[in-house]
Every structure is written in structure tokens, then in C-alpha cells.
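What follows is a short report on a single structure.
We did not get these values from a lab; they are worked out from the coordinates using the rules stated. Everything quoted here is computed from the prediction, not taken from an experiment. Cβ coordinates were reconstructed from backbone atoms using ideal geometry, including for glycine residues, and neighbour counts include every protein chain displayed.
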Amino acid sequence: MLPASEVTEFRANLLDWFARHQRDLPWRRTRDPYAIWISEIMLQQTRVAAVIPYYERFLSRFPTFQALADAPEAELLAHWAGLGYYYRARNLQKAAQVMREKGRFPISYEEIRCLPGVGDYTAAAIASIAFDLPHAALDGNVFRVLSRVCDDATNIASSAGRKHFARIADELLDGTEPGMFNQAMMELGATICLPNNPQCLLCPVARFCGARVSGRQEELPVKISARKSVEEHRTVFWIEHGGALLLWQRAANSRLMPGFWELPERAQLPAVAAGRKLGSFRHGITFYNYRFDVAEASVPVDAGACQWIALEALANLPLSTVLKKAKGVVGKYRATNEPASIATASG
Ligand code: SF4
């Protein structure tokens, strides 16, 4: 932690830099807690540039928590399609329904933290930015800045390490402008104190930075995860017949992508005979790295829970990312007559 004599100056330098250099982002032009909440949920696991168009479209269709609470699920998912991690959209609607019952947006940190889909970081960000409540918000950017400024090699992936940095963040927080201070810390991590090649010469808090003195900027933060990623190989079946494709739909209460359409696998069609391989692609979800093969298969006698969906209807349905990637593989195969391969992505 910084010596007490330097804390005031650290805050002043950071806030002054943020006032002059912050990026112009749509959610920074409002104090509406509803809009700030939507932006924070969208920014979980999604990059700023990708979020901007979704944020604007989403707010013009669902401008209030009442509109979101009342929205048909299919429409909600259609406005979320492409952002990935669909449980976030479902949680947004559940939370909006809680607000509709109470007749207002929650106004304390504790109340915000109780909303579905809101963790410690998101609650602190909303409470501080929308209501100026003194709660330090710690995202990956802030952990990195703290670890470097304090030249502290505590593991940020451990629960003890996170608590340790949370205590430091609480002490450093500017109690008079907590919302601005939190945003400034995050902005510093996102634009100057980068994971690789931190821009120390441009940094407004370089004077206070321990890692800059020790030369350990690139070694910090230390992040050692106990969990290893898991590789898995799966096959999805592309069964097309009479201008229709055989698909199944996830249940409305599924945690993962509720209501979305998927290609069948062995689990849905245990007796189907696999045919020609059309290609493959990689797909990452949290700790899982999947390699999917796309294969043709015979038309099943018993389609089980699957349904034939007209190809021209696909554009209006919520399709999983796996299905969209498989569609790309099939399109490429048909154009080249060669098994196609598509690169990894998450979602
Ligand atoms: Fe990060 Fe460099 Fe600034 Fe330290 S001086 S906080 S390492 S950008």
C-alpha cells in the first residue's frame, strides 16, 4: 500500500488525468442507474468496442426496467444475440422484474448486490457510478494496476489474494468521488497500464508506482489458477432434407442459452448413422476448449426432441454460436468441396 502522505496526490493525479483523457463512451454520458447497470452487465466478458452498438440498440428497445421486465423472451434474446453468455440477458430480465415489483431501481450497494447476475464488482461499479456510494470496484484492470503500483506479487487468482487487494482498493478509494475514481482506475488499466507493454511514460501515477522502480511491470500481476483448461472433442450433425434442417431447442429454463436452437449430437440422435465430415471448428467456453466436427448423417426414423426447421426461417431464430459456426463450415465446404476449418472463439 502507498504511504498515507502519497495517497491524496495519487488520487488527484489520477482524477485529473481521467477528466482530460477518458474515452467518450455512451454509458459515461448518463447517470441513469438503469443504463449504467445494462452497460456493466454487457461489459462482463465482452469488450468495450463490441458492447457499444448492442448497448445503444438494447436501450432504445428497452429504455426502462418496466419495458425490460415486460419484454417477450424471444425478443430479449434476439437483442442479445451475438454478445454471448446468454444467462446474462435472462438475469437482466429477472432483475428487471424484481424492480417492477418494488417500483424502483435499488439504491443501496446491498440491494444492488442482491439482483440476479450482480456480483461484488458490478454492485460496486453501479453503486459508485450511479449513486456516488464509496465502494471500490475491482475488475481485472484494477487488480493489475494495484499489483503494479504496490509492486505486490500476491496471486490475484486466489481468494485470499483478491481479498488482500480489495483491502488496498478500499484504502485508496477517493471517498468524495468514488464513481469517478473507480472509472479512472479501470480506464488506466484499459488504456495505459496494459497487460503487455504498459505505457509508463504516459502514466499519471508513475511517480507512485513500485513496479516501475523495481522493473517488474511485465511480471505483475501474478495470476496462478488452480484450474486447468479441459480439451473436448464433439461432433454435431448437419442433417438437411427437403429445404429444412434438423435442430433442437434449449429449454426456456436452461442456464446456458435458454431458448436457443442447436444442431443435434449423439445425445439427441443416438441411432443416427454419421456420414461425410464437412469440416471442424474450435469453440471456447470458460475453461472448456472444444473441437467440433461437423458431419452429415442419415435422416433419422425417430427425430426425438428434434424438429425440422425451414432453412429460410433460421434468420429469425436465436441460433447458438456453435450452430452459426457450423453453418459457416458447411457454407465453406459447399463453396470449395473441401472440409473446412474455422478458428477458435469464445461465447
Ligand atoms: Fe502501470 Fe507503468 Fe503506471 Fe506503474 S507506471 S501503474 S506499471 S503504467
Taking the Cα centre of the range 120-242 as the origin and placing charges on Cβ (Lys, Arg +1; Asp, Glu -1), which of Ala211, Thr176, Met186 is farthest toward the positive end of the dipole?
Ala211
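Which loop trypsin sites (Lys or Arg not before Pro) in the range 1-84, with loop taken from DSSP, have no more than 10 other Cβ atoms within 10 angstrom of their Cβ?
Sparse-neighbourhood loop trypsin sites (Lys or Arg not before Pro): Arg23, Arg47.
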Inter-part gap, Cα centre of the range 270-347 to Cα centre of the range 217-259, in whole angstrom, is 12
Net charge dipole size for the chain [Lys, Arg +1 and Asp, Glu -1 on Cβ; Debye, nearest 20]
620
Overall dimensions of the range 1-43 by Cα: Rg and Dmax, Å
14.5, 38
Separation between Cα centres of the range 118-158 and the range 46-95, rounded to whole Å:
25
Below 16 Å, Cα to Cα, which aspartates and glutamates can Lys102 reach? Residues fewer than 8 away in the same chain don't count.
Asp70, Glu110, Glu111
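Over 20 Å between Cα atoms, which of Lys277/Lys327; Lys163/Lys228; Lys228/Lys327 qualify?
Beyond 20 Å: Lys163/Lys228; Lys228/Lys327.
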Given Cα pairs under 8 Å that are at least 6 residues apart, what percent is the relative contact order of the chain?
15
By Cβ neighbour count within 10 Å, fewest first, Phe181, Phe260 rank Phe260, Phe181
Percent of alpha-carbon pairs separated by more than 21 Å within the range 144-220:
25
Using a/c under 1.5 as the rounded threshold, could you call the range 1-156 rounded, prolate or oblate? The axes a ≥ b ≥ c are square roots of the C-alpha gyration tensor eigenvalues, and prolate needs a/b larger than b/c, oblate otherwise.
prolate
Extended-chain gain in nm, criterion 0.36 nm per residue less alpha-carbon gap, Arg47 and Ser341
103.3 nm
Local charge sum around Trp261 (other residues, Cβ-Cβ under 12 Å, Lys/Arg +1, Asp/Glu -1)?
+2
Rounded to the nearest whole number, the Stokes-Einstein translational diffusion coefficient of the range 166-322 at 25 °C and 0.890 mPa s (Kirkwood radius, C-alpha pairs) in µm²/s is 120
Net charge, Ala130 excluded, C-beta distance under 11 Å - Lys, Arg +1, Asp, Glu -1:
-2
For each of Leu188, Leu314, count neighbouring Cβ atoms within 10 Å of the residue's Cβ, then give the residues from fewest to most.
Leu314, Leu188
Can you give me the three principal axis dimensions of the chain from its C-alpha atoms, in Å, biggest first?
77, 50, 33
In whole Å, what are the extents of the range 217-274 along the principal axes defined by its C-alpha atoms, from largest to smallest?
60, 28, 20
Per-residue [θ]222 nm for the chain (sum of -39500 (n - 2.57) over DSSP H runs n ≥ 4, rounded to 500):
-13000 deg cm²/dmol
Between Arg207 and Ser158, what's the calculated FRET efficiency when r is the beta-carbon distance and R0 is 35 Å? Round to 0.05.
0.75
